[in-house]
Amino acid sequence: MPILECRELSKRFGRTTALDRVSLSIEPGRVIGLLGPNGSGKTTLIKLANGLLTPSEGEILIDGEAPGPHSKAIVSYLSDKEYLPEWMTPKQLMDFFQDFYADFDRARAEEMLARLGLDPAQKVKQMSKGTREKVQLILVMSRRAKLYLLDEPIGGVDPATRDYILDTIIRNYNPEAAVVISTHLIADVEPVLDEVLFIQNGQILLQSSVDSIREEKGMSVDQYFREVFRC
Amino acid sequence: MEWIFRNDLPIYSQLVEQIRLAIVSGVFTPGMRLSSVRDMAAEAGVNPNTLQRALQELERQGLVYSQRTNGRFVTEDANVIDQNKRALAQGQLAAFLDAMKKLGYERAEIIALLEEEA
C-alpha cells in the first residue's frame, strides 16, 4: 500500500489554483525528489500531506487515511520556515519531541547534535540561522517515522552540512519509510533519490526514476530539469 | 575508495563498473567482506536501493556472493576476476585502437609506437 497517495487533488486559494488535479502515489522504501520552480506547488502539496491545508477537491491519503491523528503520528515534517521557539534549548526541544512523538529516538538526536558539535544548552535565540536549521533537521530526522516530508532541507546550509544531511538521509534509510525532499538544488540530492516528481503550475509533469531519466535522456536529472523548465 | 559519477549515465551502471574495477584492480581483495549496503551507500553518497541493485547485478555476474547471515563478499574465484580484468583491458584496447586509427595509424605503426614508448 502506498504511504502517500493523491487522487485528483486540487487546491485553490481564491482564484489562484495552487494544485491542479494531482494524482500520484509514493511507496514505502523510496526517496523521492519533489522538484519544481518557485511557486510550482511543492510547499502546498507538502502542507496538504500534513493536514496544514485542506483539499479544495480530490483527496490525499497517508497510510490509507486522510490526514489526522494517525498521519501526524507517522509523518515527520520539516517546514521551510523556522518554527522553534526562541527561548528553548535543544535539550528542552528533545523533551518536547519525546512527549509529543512516540517514535522520537532521543539517543539518535543526541548523537547527531554531538556529531555536529551543537550545544544542547544553547538557546535557539542565540543560534545562527544555519544552526537553527540543523537543530530543526536533527529533531525531524530523529523520529522513526513512516514518511518524512522535508521542505527545502538543504536550502540555507553550507556544503559540509549539506553533505551531512544527505548522509543522514542515507544512513536513516528504512525500507518501510519514504522520504520526500522538495528542493531546487537538484544536483546535490540527485544521487540520493530513487525517483523524481517534476511539478509545474500545480501539475505533475513527470514521475520517473533517476536512472531511467539518465538512461533515456543521456543526461542528469539536473540537466534535464533545466531543459524542461527553461525560462 | 573515491566514487565519482558522470552525468550522462545511470548511477546504477556506474556503481557496477566502479565496483568491478575495484575488484579486478585489487582495491577490493578476493574474499573481502563488503560493508553493509547502508554504509557503502553513505560512503558513495548514493541511494541504498540503487546500490542494492548494483550489488545484485555483480552477484549475478559472479563477482560478489552473499552469505545469508554474514553479508556480501568479493569472489575468491581467480578465473572470474581474470576474465573481468581481461574484458576491461579489451575495452580499453578497442577504444585506444579506434582513436589511433582516427589519427591515421596502421596496426604495424601502432605496435612500433608502443614498443618505442616502452
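The values are calculated or read from the model by the stated rules, or taken from the named source; none is laboratory data. As the structure is a prediction and not an experimental result, all values here were calculated from the model. So basically every Cβ, Gly included, is an ideal-geometry build from the backbone, and we count neighbours across all protein chains shown. Heavy atoms of the whole protein, side chains included, go into the accessibility calculation; ligands, DNA and RNA do not. Shrake-Rupley method; radii C 1.70, N 1.55, O 1.52, S 1.80 Å.
Within the stretch A:97-105, not a single residue is under 18 Å from the mean Cα position of the chain (by Cα), of a type in the set (Asp, Glu) and open to solvent by 80 Å² or more (accessible area, probe 1.4 Å). Of the listed requirements (1) touching a Gly at 6+ places or on another chain (Cβ under 7 Å); (2) over 19 Å from A:SER182 (Cβ atoms); (3) touching a residue at least 60 places away in the same chain (Cβ under 8 Å); (4) among the charged types (D, E, K, R), A:ASP63 misses just one: (1).
A:ALA187 - would you say it is loosely packed, with under 15 Cβ neighbours inside 10 Å, under 18 Å from the mean Cα position of the chain (by Cα) and either on the phi < 0 side of the Ramachandran plot or more than 8 Å from every other protein chain (Cβ to nearest Cβ) (or both)? So A:ALA187 fits the description; yes. When you check B:LEU21 against the structure, is it more than 23 Å from A:GLU195 (Cβ to Cβ) and either more than 9 Å from chain A (Cβ to nearest Cβ) or small (Gly, Ala, Ser) (or both), yes or no? When the stated conditions are applied, B:LEU21 passes them.
For the stretch A:164-183, a tally of residues being more than 22 Å from A:PHE225 (Cα to Cα), modelled with pLDDT under 95 and either part of a helix (DSSP H, G or I) or open to solvent by less than 40 Å² (accessible area, probe 1.4 Å) (or both) returns 9. Highlighted here are the helices (runs of 4 or more DSSP H) found entirely within the stretch B:1-90 that include at least 3 residues which are open to solvent by 80 Å² or more (accessible area, probe 1.4 Å) and not small (Gly, Ala, Ser): B:48-60.
Checking A:ARG214 against (1) more than 13 Å from chain B (Cβ to nearest Cβ); (2) more than 11 Å from A:LEU34 (Cα to Cα); (3) charged (D, E, K, R); (4) open to solvent by less than 40 Å² (accessible area, probe 1.4 Å): exactly one of these is not met. Which one? Here A:ARG214 clears every test but (1). If we scan the stretch A:148-159, do we find a residue that is touching a Gly at 6+ places or on another chain (Cβ under 6 Å), within 19 Å of A:LEU35 (Cα to Cα) and within 12 Å of chain B (Cβ to nearest Cβ)? Looking through the stretch A:148-159, none of the residues is touching a Gly at 6+ places or on another chain (Cβ under 6 Å), within 19 Å of A:LEU35 (Cα to Cα) and within 12 Å of chain B (Cβ to nearest Cβ).
Screening A:SER128 with (1) in contact (Cβ under 8 Å) with a residue 12 or more places away in the chain; (2) open to solvent by 40 Å² or more (accessible area, probe 1.4 Å) gives one miss only, at (1).
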